[in-house]
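See structure below.
The values are calculated or read from the model by the stated rules, or taken from the named source; none is laboratory data. Every value quoted in this text rests on a predicted model; they were computed, and no experiment measured them. FYI the Cβ positions are ideal-geometry reconstructions off the backbone, even for glycines, and counts take in every protein chain you see. SASA here: full protein model, heavy atoms, side chains in, ligands and nucleic acids out. Shrake-Rupley method; radii C 1.70, N 1.55, O 1.52, S 1.80 Å.
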Amino acid sequence: MNIPQTSYPRVVIIGGGFGGIALAKKLAKQEMQVVLLDKHNYHTFQPLLYQVSTGGLEPDSIAYPIRKILSKYPNFYFRLAMVKGVDSEKNTLDTDIGPLKYDYLVLATGSTTNFFGNKEIEANSMIMKTVPEALNLRSLILENFEEALLTDSMDRQDALMNFVIVGAGPTGVELAGALAEIKRGILPKDYPDLDTRRAQINIVQSGDKLLKGMSEKASEKAEDYLEELGVNVWKNTRVTSYDGDLVTTNTDLTFHTATLIWAAGVKGETIKGVDGKDSITFSNRIKVNDYNQVEGFKNIFAIGDIACMVSDDFPAGHPMVAQVAIQQGTHLGVNLVAFLEDEKVMKPFVYKDKGTMATVGRNKAVVDMPKFKFQGVFAWFVWMFVHLFFLIGFRNRVVVFINWVYNYIRFDREARLIIRPYKKEKTKVVKMNAVKTE
């Protein structure tokens, strides 16, 4: 990999997400050689991916070059690589660009979409975990309406304009609200020769509430907001199969749709060599102790979504959200410095919950903070401020802010472009399994 040899200990970080970047920033000024590996050369601000998929933002406004983030640090190295496995006995990584030795390894690989074993849904649904996936979804949504103009079949038109979102967490709720606003404010202008009033946005949740993990008030208000926007909310309904045309559930409810968007859950993205049965626990996450050390390994750590730190307060591990990853990355940076000097001075990680929020469209949001809970216009402004604050890069903040102001004033989404056409091929899967969505 052409990384110079040095007397400094080498810390290798796998993953340039929130946790990996926070850790790299903390370590890069220390007497360590920090090597960050990622399959993309940019950091993605995932909470705003849904705005890319619905034409509210261009992808370069929520992505930022990893090299630029850490360009000021002389002991930092980045390599574009796909990690294939870990040899913990030899302290070596196997990657698609060659092997790499490490003294300390930090897994910050994040999470991937969880289909709960349902291969048919996995093959035929759309997901939104990366920038390319968000762009694929944007193209597919727009191409559906273009195709609807060309068909004489009312049933086919309805299927093309019928969107089913599975999972009512923040991603599902925010995406449903954005699609509903597109239906209301943009489609009639873009497609005057198409009866876009027949477009349907459905959100399906297996449980009895939206935004699981937030307060009852936030859940109820989010549901009210979605219904005001014309979204069909289906609770206590579990999607069991989707063949590319027909969605079936555990009830009599079915949907004919060309687009099913899966936002029903995530699981840890493990790496071969640190994925043994003794290491893996809830949601395919890696067991770590209070210091983010992977159980059974002295010099391998895990942070963020991939790490499962069980405690009395969090019996299934911390929530898989950005704040946990950022706090663990920063905390581990302090601990690693201490670890090299004296293992006993490391401090256990304590998560400080700063709150949860979700937006449900224009002037509509819900915010749960440790001491305050509020909804409506003020919550919407708080949501915007927080997301702007955590975006990396001054340019990105300015671009996103200008886009939001423009969209608010004009009630428009300028980025509804089919840059690269995308078609989802139907895939037949012989065996189908029922799944639980969260």
Cβ crowding within 10 Å averaged over residues, with 77-85, 319-327, 102-110 ranked highest first = 102-110, 319-327, 77-85
Stokes-Einstein diffusion coefficient of segment 1-147, Kirkwood radius over Cα pairs, 10 °C, 1.306 mPa s, in µm²/s | 93 µm²/s
Degrees between helix 18-27 axis and first principal axis of the chain (Cα, 0 to 90, nearest 10) = 30 degrees
Cα-projected label distance for residue 228 with residue 272, points at 7 Å along beta-carbon direction, nm = 5.2 nm
Got a number for carbon plus sulfur as a percent of the chain's accessible area, 1.4 Å probe?
-> 53 percent
Distant-in-sequence amide H partners of residue 273 (H built 1.01 Å from N, under 5 Å) | 86
Could you give me the ³J(HN,Hα) list for segment 385-391, computed from phi with Karplus coefficients 6.51, -1.76, 1.60 and θ = phi - 60°, whole Hz, x at Gly and Pro?
-> 4, 4, 5, 5, 4, 8, 5
Using Cα centres only, tell me the gap between segment 23-81 and segment 96-140 in whole Å.
-> 16 Å
Which of the lysines could be linked to residue 426 by a straight reach, that is with a Cα gap under 16 Å, when you skip same-chain ones fewer than 8 residues away?
-> 119
Shape parameters for segment 107-178, alpha-carbon atoms, Rg then Dmax in Å | 14.6, 52
Under 24 Å from the Cα of residue 90, which lysines turn up, not counting those fewer than eight places away in the same chain?
-> 39, 101, 272, 277, 287, 298
Starting from the exponent 0.38 and prefactor 2.2 Å, build the expected Rg for the chain from its residue count and divide its actual Cα Rg by it.
-> 1.01
Residues whose modelled amide H sits under 5 Å from the amide H of residue 43, counting only those 5 or more places away in sequence or on another chain, are 64, 66
Cα-only Debye scattering, segment 265-328: base-10 log of I(q)/I(0) at q = 0.18, 0.24, 0.29 Å⁻¹ | -0.56, -1.02, -1.45
Aspartates and glutamates near residue 129 by alpha-carbon distance under 18 Å, same-chain residues fewer than 8 away left out - which ones?
-> 38, 58, 60, 174, 269, 305, 438
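Based on the Cβ-Cβ distance from residue 398 to residue 217, what FRET efficiency comes out when R0 is 30 Å, to the nearest 0.05?
Between residue 398 and residue 217 the formula returns 0.30.
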Mind computing the radius of gyration and Dmax over the alpha-carbon atoms of segment 254-375? Å is fine for both.
-> 17.9, 62
Using 1/(1 + (r/R0)^6) with R0 = 35 angstrom and r between the beta carbons of residue 410 and residue 158, what's the FRET efficiency to the nearest 0.05?
-> 0.75
Pull out the extension gain between residue 426 and residue 280, defined as 0.36 nm times the separation in residues minus the alpha carbon to alpha carbon distance; nm, one decimal.
-> 49.3 nm
Can you give the convex hull volume of the alpha carbon atoms of segment 302-438 per residue, in Å³?
-> 238 Å³
Protection proxy (average C-beta count within 10 Å per residue), highest first, orders 34-41, 272-279, 69-76 as 34-41, 69-76, 272-279
Integer Hz, Karplus 6.51/-1.76/1.60 couplings in order for segment 418-428, x for Gly and Pro | 9, 5, 9, x, 9, 10, 8, 6, 6, 10, 8
Equivalent ellipsoid semi-axes, segment 1-47, via Cα gyration tensor eigenvalues times 5, rooted, Å | 22, 13, 6
May I ask for the net charge around residue 94, where only other residues with Cβ less than 14 Å from the Cβ of residue 94 are counted and Lys, Arg are +1 while Asp, Glu are -1?
-> +1
